[in-house]
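What follows is a short report on a single structure.
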Amino acid sequence: MHLQGTAYVYHQNEQVAYSIQQDHPVFSGDTLVTTEKSKATLQLADDSVLFLTAHTKLLIDRFLPRVNVRDTAMYLFFGKIRSTVQRDIGEYTIKTPTACLKVRGTDFIVAVAPASPKKPTKLLTAVLTGSGQSNVDFAGFVGPSITLKPFSVAGIGSGSQAEKAVSVQSMASFLLDKIVPQEEQKLQVQQVQQDV
């Protein structure tokens, strides 16, 4: 829907990367990669919107929009995405190298990055939820799942369990806007609604 800079798509079972242009279709099984200083905005068929920042690699593992049910699964290898889910119907999951998220809400950010510069192979997944109905079940590959309510943040390191969620009420809007400014997000969502 919107592209700034350069991004690529790898179609399932293909070894060639294609440069993405605005209005480029994306399919289940596609892997998207953004480069330095690039951003991409995707509109899914159920009107959910994904915002990818620079240096992000995301696999759209499964996307099966049905009349009243969603079945969406993604894998975030690294980078940051912000997602606004328009309707809470069915499954919407995101896996990372260290965690699994089950989304039951509307606005959230997921980031995967090295836990420290000294240990670049040890990864950390962090989640920040937005306002309203934003709820995310968040679990590592060990330990119990936690639920992030609106305006909360939590993280999971390699081989760890989910840390207790922390409320960041006053900082949440600022942090969300660092990924995609609210005004830019509103303009892009309005554009989606006009196109529909």
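The values are calculated or read from the model by the stated rules, or taken from the named source; none is laboratory data. Nothing here was measured: the structure is a model prediction, and the numbers come from that model. Cβ atoms come from the backbone with ideal geometry, glycine included; neighbour counts cover every protein chain shown. Ligands, DNA and RNA are stripped out before the accessible areas are found, and what is left, the full protein with its side chains, is counted by its heavy atoms. Shrake-Rupley method; radii C 1.70, N 1.55, O 1.52, S 1.80 Å.
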| query | In segment 123-136, what residues are touching a strand residue (DSSP E or B) at 6+ places or on another chain (Cβ under 6 Å) and either touching a residue at least 60 places away in the same chain (Cβ under 8 Å) or open to solvent by 40 Å² or more (accessible area, probe 1.4 Å) (or both)? | reply | Leu124
| Every pair of residues 6+ apart whose Cβ atoms lie under 8 Å, when the first sits in segment 39-54 and is farther than 18 Å from Ala113 by Cα while the second is modelled with pLDDT of 90 or more and of a type in the set (Lys, Arg) | Leu50/Arg82
| Do we have Pro114 as of a type outside the set (A, V, I, L, M), in a strand (DSSP E or B) and open to solvent by 40 Å² or more (accessible area, probe 1.4 Å) here? | yes
| Lys37 is checked against (1) in a loop (DSSP other than H, G, I, E, B); (2) among the basic types (Lys, Arg); (3) open to solvent by less than 60 Å² (accessible area, probe 1.4 Å) and fails just one. What number does that condition carry? | (3)
| field | Pairs where the first residue, in segment 88-108, is within 15 Å of Phe78 (Cα to Cα) and the second is open to solvent by 20 Å² or more (accessible area, probe 1.4 Å) and not in a strand (DSSP E or B), C-beta under 9 Å, 6+ apart | value | Pro97/Ser158; Thr98/Phe141; Thr98/Ser158; Thr98/Gly159; Thr98/Ser160; Ala99/Phe141; Cys100/Phe141; Cys100/Ser145
